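The values are calculated or read from the model by the stated rules, or taken from the named source; none is laboratory data. Computed from a predicted model, the values in this text were never measured in an experiment. Heads up, the Cβs are rebuilt from the backbone with ideal geometry, glycines too, and the neighbour counts pull from every protein chain shown.
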Amino acid sequence: MSTLTTSPAWQALEQHYTEIQETHLRQLFASDPTRGTRFSLEAAELYLDYSKNRVTDTTIALLLELAKAAGLENKIKAMFNGEKINTTEQRAVLHTALRAARDADVRVDGVNVIPEVYAVLDKMAEFAEKIRTGQWLGHTGKRIKNIVNIGIGGSDLGPVMAYKALGFYSQRNLVFRFVSNVDSTDFIEATKDLHPEETLFIICSKTFTTQETMQNAVSARAWSLAVLRDETAVSKHFVAVSTNATEVAKFGIDTSSMFGFWDWVGGRYSMTSAVGLSLMIAIGQASYHNLLEGFRAMDTHFRTAPFEQNMPVILGLLGIWYNNFFGAASHAVLPYDHYLTYFSAYLQQLDMESNGKTTTLVGSRTDYETGQIIWGQPGTNGQHAFYQLIHQGSKLIPCDFIAFSKSLNPLGQHHDLLLANVFAQSQALAFGKTPEEVIRDGVKPELVAHKVFAGNKPSNTIMAAELTPFTLGALVALYEHKVFVQGVIWDVNSFDQWGVELGKVLAQNIAQQLINHQTPPLEQDSSTNALLARHWQRQK
Ligand code: G6Q
């Protein structure tokens, strides 16, 4: 048995679970008319209503005990202070330094990293302005109109999510595309209607060795040079975002056109590093700095607010409560804002790559559930698709609803209808509909059972006045820190990703066979051999 599950805090929660597992949210709300406001928090322009969770004051107190027992306070300090908490890679974890104030002092190995952070931010701003104002010209003297970000994982999901999220603020005479997949269709479709003379590629790769990205970068160079017909054109049409100057130079990009970052920025936490270059070009430096301020406001809240008022701590603990005590394997994130189309996909990587682990910091195997399956998509569309299962299915799926009071694109009654839906959904999930209520509606007896909603389905509602760069920053930081809190409780390293390595190695091996048209005898397992043989046969 692990120290976690045998700890007094955990055992107390197990006992408490047996006491309240049958308690219905209807009872909890009936017994406390102030519940809707009492279980709420405000931070960094975000409002969190967590009253529709299956918790009492005792639950929260016990969960806070668990956080304390896990040493969360010191772990937060250690992260913000640049200690090497990514122990398997011996790295500091300092994405928070990327959005610290210009006069902050954050040290890694005794060196203040903030001046370097701002040197890169300023270089990005200068470049972004040149593109936005048309001062930066392509090889043939034409203005750059298209920006294609080539990257994958952390070098893609943040940029594409944030670009879509802040589309309202983007410069509309510029076209942005994001290529990530090694499937050539991605590159071909993204560039089909673009002209090389007007196209800038941002090759975004921390390592500059990632197979998919390098393959797409090679194809991008060939695509450009097929028209521009001059190697020197690369300097006007390619820039790099990377930590690896040697590989950048080898690829043929002048390192003066490289925007650097550092090994203390993990890929999935890199949205506010130079990886955000495409976003800065899209929204401009002022809005980009508003985004950083939103991140910073949430960082400060996380670092300083007492745990009982700390939004990421409360969200993280609620996730533990459902995952580990109610056995809820998944968690839905449901934004009621069309601009947040990619938000759940972004969170999937952030959360699942961080906490999808079963090895503890000291190398033993967890005997408890860890990372939740994160999924979702914008709300109203989901209502007409998968919400059925959340309402009446057999699984418990806690949800986060995200909504904004003001629409960026007001149009007639649209926004009222949108918000009516988000409020109605959390209400329906929490309170359901009893058989008596269904009968009162005059439903035929044989249909009553079908029309009953058990309710008692937990959800959080996160609201802000408006989707702005600031609120997006606060929202992303909220989830980053929520993931951190859970990683601390589960005692895993949220900042490595060894789980993605094996597939990469095996793919290289198989790729050699495919590229060299290596015919049998095949050296794989019998299933892979059969698949390869069939593929060769069909390809002929
Ligand atoms: C994120 C992961 C991973 C990474 C990609 C791209 O935390 O490390 O998603 O971002 O594999 O890596 P490069 O930026 O090195 O190309």
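For the stretch 44-74, which residues satisfy the criterion of being closer than 26 Å to A403 by Cβ, of a type in the set (A, V, I, L, M, F, W, C) and under 24 Å from the mean Cα position of the chain (by Cα)? A44, L46, L48, listed by residue number. Sub-8 Å Cβ pairs linking a first residue in the stretch 209-224 that is over 17 Å from E198 (Cα atoms) and in contact (Cβ under 8 Å) with a residue 60 or more places away in the chain to a second residue that is within 11 Å of the ligand (Cβ to nearest atom) and of a type in the set (K, R), at least 6 apart or interchain, are Q211/K504, ordered by first then second residue.
Test V452 against the criterion of being within 16 Å of the ligand (Cβ to nearest atom) and out of contact with any Cys (no Cβ under 9 Å at 6 or more places or on another chain), and give yes or no. Spell out how you get there, then give the answer.
Values: within 16 Å of the ligand (Cβ to nearest atom): no; out of contact with any Cys (no Cβ under 9 Å at 6 or more places or on another chain): yes.
It is false that V452 is within 16 Å of the ligand (Cβ to nearest atom) and out of contact with any Cys (no Cβ under 9 Å at 6 or more places or on another chain).
Per the listing L291, L277, the residue uniquely in a helix (DSSP H, G or I), under 21 Å from G151 (Cβ atoms), within 16 Å of the ligand (Cβ to nearest atom) and modelled with pLDDT of 95 or more is L277. Sub-7 Å Cβ pairs linking a first residue in the stretch 1-22 that is in contact (Cβ under 8 Å) with a residue 24 or more places away in the chain to a second residue that is assigned to a loop (DSSP other than H, G, I, E, B) and among the aromatic types (F, W, Y), at least 6 apart or interchain, are S2/Y368; L4/Y368; T5/Y368, ordered by first then second residue. Restricting K433, K457 to residues that are surrounded by 23 or more Cβ atoms within 10 Å (Cβ to Cβ), farther than 30 Å from R99 by Cα and at pLDDT 95 or above narrows the list to K457. Of the helices (runs of 4 or more DSSP H) entirely within the stretch 407-453, those holding at least 2 residues that are over 20 Å from G382 (Cβ atoms) occupy 435-440, 445-451. When G487 is tested against (1) buried (at least 20 other Cβ atoms within 10 Å of the Cβ); (2) away from the ligand (no atom under 16 Å from the Cβ); (3) under 26 Å from the mean Cα position of the chain (by Cα); (4) not aromatic (F, W, Y), exactly one condition is not met: (2).
When we screen V179, V241 for residues that are within 12 Å of the ligand (Cβ to nearest atom), at pLDDT 95 or above and buried (at least 22 other Cβ atoms within 10 Å of the Cβ), the only hit is V241. Of all residues in the stretch 301-318, those satisfying the criterion of being under 18 Å from the mean Cα position of the chain (by Cα) and either of a type outside the set (A, V, I, L, M, F, W, C) or not in a helix (DSSP H, G or I) (or both) are P312, G316. Please find, within the stretch 196-229, the residue that is nearest to P159 (Cα to Cα) out of those that are hydroxyl-bearing (S, T, Y) and more than 16 Å from the ligand (Cβ to nearest atom). Ranking the qualifying residues of the stretch 196-229, first place goes to T199.
Here is a check on your reading of the model: is M258 within 16 Å of the ligand (Cβ to nearest atom), of a type outside the set (D, E) and free of Cβ contacts under 8 Å to residues at least 24 places away in the same chain?
Values: within 16 Å of the ligand (Cβ to nearest atom): yes; of a type outside the set (D, E): yes; free of Cβ contacts under 8 Å to residues at least 24 places away in the same chain: yes.
So M258 passes the test.
A count restricted to the stretch 251-282 and to residues that are within 15 Å of E129 (Cα to Cα), within 20 Å of the chain's Cα centre (by Cα) and not small (G, A, S) stands at 3.
Pairs linking a residue in the stretch 374-393 that is more than 22 Å from G319 (Cα to Cα) to a residue that is modelled with pLDDT of 95 or more and in a loop (DSSP other than H, G, I, E, B), with Cβ atoms under 8 Å and 6 or more positions apart or on different chains, are T380/Y336. Filtered by the rule that a residue be within 16 Å of the ligand (Cβ to nearest atom), closer than 23 Å to S407 by Cα and touching a strand residue (DSSP E or B) at 6+ places or on another chain (Cβ under 7 Å), the stretch 152-175 gives P159, V160.
With touching a Cys at 6+ places or on another chain (Cβ under 8 Å), modelled with pLDDT of 95 or more and among the hydrophobic types (A, V, I, L, M, F, W, C) as the only criterion, which of I397, I390 stands out? Give the derivation first.
On the way: I397 fails: touching a Cys at 6+ places or on another chain (Cβ under 8 Å).
None of the other options fit; the residue is I390.
Does the stretch 350-362 include one or more residues that are in contact with a helix residue (DSSP H, G or I) (Cβ under 7 Å, 6 or more places away or on another chain) and away from the ligand (no atom under 16 Å from the Cβ)? No, the conditions are met nowhere in the stretch 350-362.
In the set (1) surrounded by fewer than 18 Cβ atoms within 10 Å (Cβ to Cβ); (2) out of contact with any Phe, Trp or Tyr (no Cβ under 7 Å at 6 or more places or on another chain); (3) part of a helix (DSSP H, G or I), A101 fails one condition alone, (3).
Output yes when any residue across the stretch 319-332 is within 16 Å of the ligand (Cβ to nearest atom), in contact (Cβ under 8 Å) with a residue 12 or more places away in the chain, farther than 16 Å from V488 by Cβ and in a loop (DSSP other than H, G, I, E, B), and no when none is. Let's see the steps before the verdict.
The initial filter retains those residues of the stretch 319-332 that are within 16 Å of the ligand (Cβ to nearest atom), namely none.
Scanning the stretch 319-332, I find no residue that is within 16 Å of the ligand (Cβ to nearest atom), in contact (Cβ under 8 Å) with a residue 12 or more places away in the chain, farther than 16 Å from V488 by Cβ and in a loop (DSSP other than H, G, I, E, B), so the answer is no.
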